[in-house]
Amino acid sequence: EIHDEYWHPHVDKDNTAHYFYSGLIYLTDYGKDFTGGEFVFLDGKGNTTVLPRKGRFISFTSGKENLHQVKKVQSGTRFTLSMWFTCDESKKFSTFLDGEVHSTYQKPGKHPQETHDEL
């Protein structure tokens, strides 16, 4: 059984304190690939609903100002790529998946000091 009950109202930063920004990219279409699964910002004055559409990207700050939930999927399968970002320097990876340190983008074949000025 799926452990993440995403349909409950929640704040991402309450789940993981070092989240500063949250985002997701929809990989499937509402109404075509699945029903239900709408993303809803809950603000007490009037909720804002985002209908999933393949390729749609949404991002928002992860704090209490963005209480949200996802409605339960009723049929089909809803696929998203979810991501979270931190500004907490202490949570920085010392190396990435390739074992190298990546603090800034580097153009292939360029020395890091050469690319810093080009950013």
Selection status of residue 57, open to solvent by less than 20 Å² (accessible area, probe 1.4 Å) and modelled with pLDDT of 95 or more: no
In the stretch 16-34, anything under 20 Å from residue 68 (Cα atoms), part of a loop (DSSP other than H, G, I, E, B) and open to solvent by 60 Å² or more (accessible area, probe 1.4 Å) is listed as 17, 20, 27
Considering only strands (runs of 3 or more DSSP E) fully contained in the stretch 53-96, which possess at least 2 residues that are among the aliphatic types (A, V, I, L, M)? 80-85
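The values are calculated or read from the model by the stated rules, or taken from the named source; none is laboratory data. Predicted model, so just to flag it, every value in this text is computed and none were measured. Each accessible area value is taken on the protein alone, full model and side chains, heavy atoms only, with ligands, DNA and RNA left out. Shrake-Rupley method; radii C 1.70, N 1.55, O 1.52, S 1.80 Å.
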